[in-house]
Amino acid sequence: PSITTSFYMNGPEVHIDALNAELPGNGVLNAEGSIMNRQQLDLDFYGSHVDLSLLQNFIPQADVTGFTDITGAVHGDISNPMLQISLTALEGSLFKQPFHKLETSVSGSLDGVRIDSFTMENDGRETWDVQGQIGFAGERRIQLQVDTTGARMEDIAALVAPDQPITGNVDNILTITGTLDDPNVVGYIHFYRGSYAGLILSVMDGDYTITN
């Protein structure tokens, strides 16, 4: 891994013509833009073939693999800038959920993050779709919609109940509201063409609620 940069100063402004970082796994991350008065950021960045497993250095439980292309921007005061980021990842997994393609677009700051879109595709169909926002300041309110279609129960069980002998397909609609400290989870699950401990399960449906 290495970093090279080209920049010049014009009074209180530092203008970055190019900042290039070579990452482990043959990934590349580039940035350009300006910094005014050592305080105001106006930067664009993009990367290619970035190894997502590098995220496990910061979020070990994410259990993430795959490679991604990424674009984004950072604007505003250095103490709390606004970050916008979009990425497309291929052939990996996230929280033990496999994907052939993952696409997401998010924006946010230290005050909170907005998920404008998040989709995961596997075996030629969309299996996960997430939208909403999470607040990190004040009441730290949360509003998320998570839809799952045709996900494999074995993959979900690997995350939440790894010792359970269960197979099958899952459609699930999940809404999370409230706050990060006191979330309210309401959902509907449709389980089909599966088994548990060798017992065939054709179809199971149910509503559920999870409170703190």
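The values are calculated or read from the model by the stated rules, or taken from the named source; none is laboratory data. Keep in mind that what you see is a predicted model, and the values were worked out from it rather than measured. Every residue, glycine among them, receives a Cβ derived from its backbone with ideal geometry; neighbour counts consider all protein chains shown. What goes into the accessible areas is simple: the full protein's heavy atoms, side chains included, and nothing from ligands, DNA or RNA. Shrake-Rupley method; radii C 1.70, N 1.55, O 1.52, S 1.80 Å.
Computed quantities for the displayed model
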{"read-out": "Per residue accessible area in Å² of the chain, where ligands, DNA and RNA are left out and the probe is 1.4 Å", "value": "58 Å²"}
{"read-out": "Region 11-116 - Kirkwood radius from inverse mean 1/r over Cα pairs (Å)", "value": "14.9 Å"}
{"read-out": "Proximal charge balance of Asp181 [Cβ under 12 Å; K/R count +1, D/E count -1]", "value": "0"}
{"read-out": "Overall form of region 89-212 per C-alpha gyration tensor (a/c, 1.5; a/b vs b/c)", "value": "oblate"}
{"read-out": "Counted charge near Arg38, where neighbours are those whose Cβ lies closer than 15 Å (Asp, Glu -1; Lys, Arg +1)", "value": "-3"}
{"read-out": "Value of D in µm² per second that Stokes-Einstein yields for the chain, Kirkwood Rh from Cα pairs, at 20 °C (1.002 mPa s)", "value": "109 µm²/s"}
{"read-out": "Given charges at beta-carbon only (K, R positive; D, E negative), |dipole| of the chain in Debye", "value": "240 debye"}
{"read-out": "Per-residue SASA entry for Ser53, accessible area with 1.4 Å probe, Å² rounded to 10", "value": "40 Å²"}
{"read-out": "Per-residue [θ]222 nm for the chain (sum of -39500 (n - 2.57) over DSSP H runs n ≥ 4, rounded to 500)", "value": "-1000 deg cm²/dmol"}
{"read-out": "Solvent-accessible surface ranking, highest first, for Thr175, Thr5, Thr148 at 1.4 angstrom", "value": "Thr5, Thr175, Thr148"}
{"read-out": "Cα-based Kirkwood hydrodynamic radius, region 95-136, one decimal, Å", "value": "11.2 Å"}
{"read-out": "Ordering of 105-111, 180-186, 6-12 by packing [mean C-beta count within 10 Å, highest first]", "value": "105-111, 180-186, 6-12"}
